[in-house]
1. Please give the peptides 300-306, 189-195 ranked by average Cβ packing (other Cβ atoms within 10 Å per residue), highest first, as a rough proxy for protection.
2. Run the helix sum for the chain: -39,500 (n - 2.57) per DSSP H stretch of 4+ residues, divided by residue count, reported at 222 nm to the nearest 500 deg cm²/dmol.
3. Please report the equivalent ellipsoid semi-axes of segment 25-117, computed as sqrt(5 x eigenvalue) of the Cα gyration tensor, largest first, in whole Å.
4. Viscosity 0.692 mPa s, temperature 37 °C: give me the Stokes-Einstein translational D for segment 1-156 in µm²/s, with Rh taken as the Kirkwood radius over C-alpha pairs.
5. Compute the angle between helix 153-163 and the longest alpha-carbon principal axis of the chain, please, reported from 0 to 90 degrees and rounded to the nearest 10.
6. Give me the Å³ per residue figure for the convex hull around the C-alpha atoms of segment 309-375.
7. State the three equivalent ellipsoid semi-axes of segment 210-334, derived from the C-alpha gyration tensor as the square roots of 5 times its eigenvalues, in descending order and whole Å.
8. Going by alpha carbons, how many degrees (0 to 90, nearest 10) lie between the helix axis of 174-185 and the longest principal axis of the chain?
Amino acid sequence: MKDFIRNYKMKIQALSPIHIGSGEKISKKEYINLWMEHKVIIPDPVRMYCDLCKKGLEKDYTEYMLNSNLELGVWMKNHGIRKTDYQRWKRYEMDSGDAFSNIPGSRTVRPKEIMSFVKDAYGLPYVPGSSLKGMLRTALLAYIISHNPVKYRSINEEIKEKTGQREKRHQCLSRECMQLETEVFHTLNRDKNSKNSAVNCNLSGLHISDSQPLTLEDLTLSQKIDYTMEGKEKPLPILRETLIPGTEIYFEITIDRTQCPYTIENIMEALEEFQQCAYKYFYSKFYRGSSEEGIIWLGGGCGFLSKTILYPFFKEQAVKITDGVFKNTLGKNYSVHKHYRDIPLKLAPHVCKCTRYNGRLYDMGMGKIERIGYK
């Protein structure tokens, strides 16, 4: 049986801030911003509340939580709370990076809540295998379709037709996408009565481990920045906990060849083709991204392109198709976000998702993947 199992040790080096969201949001009343030290403290709410009660501030704190719009650090300063006090409460602290710095030439934006990075049972950040497998799945889907264009031509034409029609937001291309994934991945024939059944998916033989635990020192805060083709930066009031550039992410890929028809070489080639397509049709238009080998796009905040196969599937026609998807899914935000500019600019979307760290502008979510071992 061992002859059919292949296990590979992998590494991703973060080339820019990477965010893997836990779904938890930390409001401005739940973190302390140390402006002068460029740090943020996330306190333990139970320890903090107990200490405030001992100081006779229970009613004031309750009133603050219910009615005030102040940041937690400002409220504490107004009530004489010292740094030694909230150092006792902290769950963890992190470098705030450039998250609260003003960008020259742009209006000041005051960030509010923080989108938290996923953490394990010990409170340490890590990258879930599900996030890594999602990245690989998207690249493999694009790879297989691009190498078999005739086989998937009918779905190609159907998607083109559908994007020109009005559909409900949550139904837009859902049937076509399900049909496409079923045709590509559901090849095992375990359930002959229902090809859509998950037991037929050949990716059941592709196992991606969670990453090794990272450290809280690997985290920083990153503010969302929309970067335009004209080189302008638009900061938005969205903060994310991210891995600092240079962080190394270690994980394993296990392939059961009795179920999964793809080799590690197929996977690496798929990731490379996906990245080169992203660079050619999107990032190069902003003079951003990289044509270097091994580049991947991981996590939240990377933008629409990294999560879909529209550009690998449609290439030069992808702008029109993407515009149709935006019209169906964004509602009034289609105009608010000025997507009517996409077709004239021959680029959809027409902004690149970026952030700043140590004074430098980075694309969100860029890493470099490599195979470092086999067993």
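1. Numbers: 300-306: 21.1, 189-195: 10.6.
Those peptides, ordered most packed to least, come out 300-306, 189-195.
2. Numbers: 12 runs with 118 residues, N = 375.
Calculated from helices alone, the mean residue ellipticity at 222 nm is -9000 deg cm²/dmol.
3. Details: eigenvalues 117, 44, 29 Å².
In descending order, the three semi-axes are 24, 15, 12 Å.
4. Numbers: Rh = 19.9 Å.
Calculated translational D: 165 µm²/s.
5. 40
6. Details: hull volume 11.1 nm³, N = 67.
Output value, Cα hull per residue: 165 Å³.
7. Values: eigenvalues 147, 111, 44 Å².
Sorted largest first and rounded, they come to 27, 24, 15 Å.
8. Computed tilt is about 60 degrees.
Read-outs: derived from the displayed coordinates by stated rules, not from any lab. Predicted model only: the values in this text are computed from it and were never measured. Virtual Cβ from ideal backbone geometry, glycine too; neighbours counted across all protein chains shown.
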